[in-house]
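The structure appears right after this line, and notes come after that.
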Ligand SMILES: [Zn+2]
């Protein structure tokens, strides 16, 4: 089964990209696959978040059908930790320890280290495979798009044999990313920049280690020339560009992700450049001096 994964840091435009790719007739997506279980089985009637179609999750027909399809094939009662979040344990310390063990086993090619995790990994694999199969069936598509973003999830997905994975690594200008990170966290500019760099290095490391086939896409370039960038992307994904549309606002899609995303009603895709007004000159200089080696990721339109 073909699975396309959007790997990106937060606030990089991954929701926008999910909507764009979701217009393709061969693509099925629910946005962030990781959130499927919580919305379908954990929150039950109390879910007050909305699907991108405008309905609350428990009321959305698409979600109901997908949930039914999965429940028919998997005994939900036997599941004790969230399989779409790949929760190895409900205890956060144990979970962290087990995940470190998993990464070590992959880093040093030692499957023996994974023995304590085997039954969990097997149940994760089964659940996610069924979810993807049901989603493809429901949409009559053959490529499943997952915008769960984080590298940790890609590590788990890469271990599921049924998936043939291709990654779109979506990046954004570090100055814009740091600006967004500062809005939501109490970090200094240097801290936020350092975190950005570490995440870039982590992503690079794992893509190489897991030998994953990927293409890079820059958010600013996508906004600047969506036709060219989307064609390049579709070509890499072996999807026919003729079955794709930039008018993603015209279609009803059932996507979970950034609920507050300002999709707007504008027919154009506009690059968000708030950082130019929000960051001080000194802050910009700090970021630029720390990201000298990453100039390829800077916006070309500033
Ligand atoms: Zn919906």
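The values are calculated or read from the model by the stated rules, or taken from the named source; none is laboratory data. These numbers come from a predicted model, not from an experiment. As a convention, Cβ positions derive from the backbone with ideal geometry for all residues, glycine included, and neighbour counts pool all protein chains shown.
Evaluated against (1) farther than 21 Å from residue 3 by Cα; (2) within 21 Å of the chain's Cα centre (by Cα), residue 143 falls short on exactly one condition, (1). Within segment 8-36, the residues that satisfy the criterion of being closer than 16 Å to residue 157 by Cα and either free of Cβ contacts under 8 Å to residues at least 60 places away in the same chain or in a strand (DSSP E or B) (or both) are 8, 29, 31.
If you go through segment 211-225, how many residues are outside any helix (DSSP H, G or I), farther than 11 Å from residue 7 by Cβ and in contact with a strand residue (DSSP E or B) (Cβ under 9 Å, 6 or more places away or on another chain)?
Pass one, segment 211-225, residues outside any helix (DSSP H, G or I): 211-218, 225.
The next check asks that each one be farther than 11 Å from residue 7 by Cβ; those that pass are 211, 213, 218, 225.
Then keep just the ones that are in contact with a strand residue (DSSP E or B) (Cβ under 9 Å, 6 or more places away or on another chain); that gives 213, 218.
Adding up the residues that qualify gives 2.
Scan 103, 122, 107, 92 and give me the residue that is surrounded by fewer than 16 Cβ atoms within 10 Å (Cβ to Cβ) and within 21 Å of the chain's Cα centre (by Cα). Criteria check complete, one pass: 103.
When we screen 183, 268, 273, 197 for residues that are more than 23 Å from residue 30 (Cβ to Cβ), surrounded by fewer than 18 Cβ atoms within 10 Å (Cβ to Cβ), more than 16 Å from the ligand (Cβ to nearest atom) and at pLDDT 95 or above, the only hit is 197. Residues that are within 16 Å of the ligand (Cβ to nearest atom), more than 30 Å from residue 222 (Cα to Cα) and surrounded by 14 or more Cβ atoms within 10 Å (Cβ to Cβ): does segment 17-38 have at least one? Among the residues of segment 17-38, at least one is within 16 Å of the ligand (Cβ to nearest atom), more than 30 Å from residue 222 (Cα to Cα) and surrounded by 14 or more Cβ atoms within 10 Å (Cβ to Cβ), which makes the answer yes.
Scanning segment 218-256 for residues that are in contact (Cβ under 8 Å) with a residue 24 or more places away in the chain, touching a helix residue (DSSP H, G or I) at 6+ places or on another chain (Cβ under 6 Å) and within 24 Å of residue 295 (Cβ to Cβ) yields 221, 222. When we screen 32, 61, 42 for residues that are over 20 Å from residue 245 (Cα atoms) and touching a strand residue (DSSP E or B) at 6+ places or on another chain (Cβ under 8 Å), the only hit is 32. Inclusion of residue 87 among residues that are part of a loop (DSSP other than H, G, I, E, B) and at pLDDT 95 or above is warranted.
For segment 178-210, residues that are touching a helix residue (DSSP H, G or I) at 6+ places or on another chain (Cβ under 9 Å) and not in a helix (DSSP H, G or I) total 4.
Suppose we filter segment 51-84 for residues that are within 8 Å of the ligand (Cβ to nearest atom), touching a residue at least 60 places away in the same chain (Cβ under 8 Å) and surrounded by fewer than 17 Cβ atoms within 10 Å (Cβ to Cβ); how many remain? Before the answer, list the steps.
Step one: filter segment 51-84 for residues within 8 Å of the ligand (Cβ to nearest atom), giving 51-55, 57, 60-63.
Filter once more, so that each one left must be touching a residue at least 60 places away in the same chain (Cβ under 8 Å): 51-53, 57, 60, 62-63.
Narrowing the set further to residues that are surrounded by fewer than 17 Cβ atoms within 10 Å (Cβ to Cβ) leaves 53.
Result for segment 51-84: 1.
Taking the criterion of being part of a helix (DSSP H, G or I) and closer than 29 Å to residue 20 by Cβ, the residues of segment 269-301 that qualify are 275, 276, 277, 278, 287, 294, 295, 296, 297.
Quick check on this structure: which one of 134, 68 is part of a helix (DSSP H, G or I) and over 27 Å from residue 16 (Cα atoms)? Among 134, 68, only 68 is part of a helix (DSSP H, G or I) and over 27 Å from residue 16 (Cα atoms).
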